[in-house]
Ligand SMILES: Nc1ncnc2c1ncn2[C@@H]1O[C@H](COP(=O)(O)OP(=O)(O)OP(=O)(O)O)[C@@H](O)[C@H]1O
């Protein structure tokens, strides 16, 4: 399934926050969205997920504007994990992950074995099988993030949109979660701050600066010392890692 943005704009309070962004995500690829604080990553993520309508331009899903999909129809195709999901304190891990199956069920349909299996697989993917009966309010920040990812996976999407999915995770879980996302055949857009994780796990990188897309391409093309200095204002040394063959960035400040 093809996801694209065509000259997408979003304004709020008279301010242009996303400024005519055009990009296309190849089917099955993982696109990393990087940029300094306030550059518009979360705003663009919400537009790409269809959570918000653009002020200009269009987000296209397989050639159709995303705003023309019904909610249920869209939820069967696109799942999203936002930075600060609102979740009721009293629900359990299993309740949250089961919510992922909502777009496939009607008021009269019983919970099926397929639903159960998909939920179990999603829990296993994020390593939370043992925590299924825990209540949301007892979970750590990292556990909540993994539950939300499991809920998004249980939605069986063609497109997965993630806003900083690793910011509460320890290094083991950061790597495991991004490796999982990169290996899925699902088309993924992930807003991410850690440039080394972006270099290692993304097929393509899009760079935002003050709401504008300033670069887009393979990590090798995009993550240059010059771009890091210009956009992030940090001097860096960039080289291919002899351990995993992807770029490794050392910051020199
Ligand atoms: N609803 C809103 N109304 C007005 N301004 C907003 C709104 N949402 C975001 N902004 C502003 O738009 C800019 C981009 O915000 P956004 O959260 O998209 O950036 P970001 O790149 O995700 O930032 P960060 O890396 O800090 O998470 C910021 O200056 C922010 O204050």
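Coordinate-derived values only; no laboratory data. From a predicted model like this one, the values you see are computed outputs, not experimental measurements. Virtual Cβ from ideal backbone geometry, glycine too; neighbours counted across all protein chains shown.
Of note:
- Cα shape, the chain, gyration tensor, a/c 1.5 rule: oblate
- Normalising the average separation of contacting C-alpha pairs (under 8 angstrom, six or more residues apart) by the number of residues puts the relative contact order of segment 87-156 at 56 percent.
- With each label modelled as a point 7 angstrom along the Cα→C-beta vector, the residue 196-residue 184 pair spans 2.5 nm.
- Using alpha-carbon coordinates, inclination of helix 171-183 to the longest axis of the chain, degrees: 80 degrees
- Note on the chain: GNM, Cα springs under 10 Å; of 107, 206, 215, the largest mean-square fluctuation is that of 107.
- Cα shape, segment 87-156, gyration tensor, a/c 1.5 rule: prolate
- Short-range pairs are left out: with C-alpha atoms under 8 Å and at least six residues apart, the relative contact order of segment 49-190 is 31 percent.
- Relative contact order of segment 1-127, pairs being alpha-carbon contacts under 8 Å that are 6 or more residues apart, as %: 22 percent
- Gaussian network model of the chain, Cα within-10 Å springs - most flexible of 27, 138, 92: 138
- Segment 1-61: C-alpha gyration tensor shape, a/c 1.5 cut-off, then a/b vs b/c: oblate
- Mean-square fluctuations from a GNM of the chain, with a 10 angstrom spring cutoff on Cα atoms, peak among 169, 94, 180 at 180.
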